[in-house]
Amino acid sequence: MHKIQPTPKIITIIGIILEGIAGVSCWIGYYLLVNIDKLPGYSDSLLEMTSEELEAYEFIMDLSLGLLSILAIVISVMFVINLILFSKLINGRYTEEQAKKVYLYQAIWGGINLVFNTVTGILYLVSGVQGYNGQVDRIDIREGI
């Protein structure tokens, strides 16, 4: 069974936490946009718009809701997949070959995730590359200091 090194382990855990926060944030943003008409003063601001401004506003809101819903779904699904895969990796439930495949997936997802969530993408990329290459943490402690 594969034992993950401490550095990629910590980086992966931080990445999972940040990815979960990103998913929850997307859903909160979506909820707020859907319920924007319930905010105080919302209807007053619409009354002051011209018909062209109102049309542009509606287009932007529809586009924003569509993009945010797609992003929330993708991030949520990937979070669940990553939570399952990476928790098994952290707990040492993979063989060396399986772990290498998970590290490769982690690095690829990290590269793709750079577009959506840069910090999480970097964390997954670094952890995946370190794990795939089999880098061992070396702690150089000088005694007697």
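Read the figures in this text as sums done on the coordinates, not as results from a lab. All values derive from a computational prediction rather than experimental measurement. No Cβ is skipped: glycine too gets one built from the backbone with ideal geometry, and neighbour counts run over all protein chains shown.
A few comments on the model shown:
- If you take all other residues with their beta carbon under 12 Å from the beta carbon of Asn82, and give Lys and Arg +1 and Asp and Glu -1, the sum is 0.
- The chain: calculated mean residue ellipticity at 222 nm from DSSP helix runs of at least 4, using -39500 (n - 2.57): -26000 deg cm²/dmol
- Eligible lysines near Lys100 by straight Cα distance, threshold 23 Å, same-chain separation 8 or greater: Lys3, Lys9, Lys88
- Axial C-alpha extent at least 30 Å, average Kyte-Doolittle at least 0.0 - helices from the chain (DSSP): 6-34, 51-90
- Dipole axis of the stretch 1-118 (+1 Lys, Arg; -1 Asp, Glu on Cβ), positive-most option in Met1, Ser64, Ile16: Met1
- For Tyr94, residues with placed amide H under 5 Å, excluding near neighbours: His2
- Counting only lysines at least 8 places from Lys38 when in the same chain, there are none with an alpha carbon closer than 16 Å to its own.
- Comparing Lys38, Lys100, Lys88 in a Gaussian network model of the chain, where Cα atoms under 10 Å apart are tied by springs, the biggest mean-square fluctuation is seen for Lys38.
- Convex hull volume of the chain per residue (C-alpha atoms, cubic angstrom): 155
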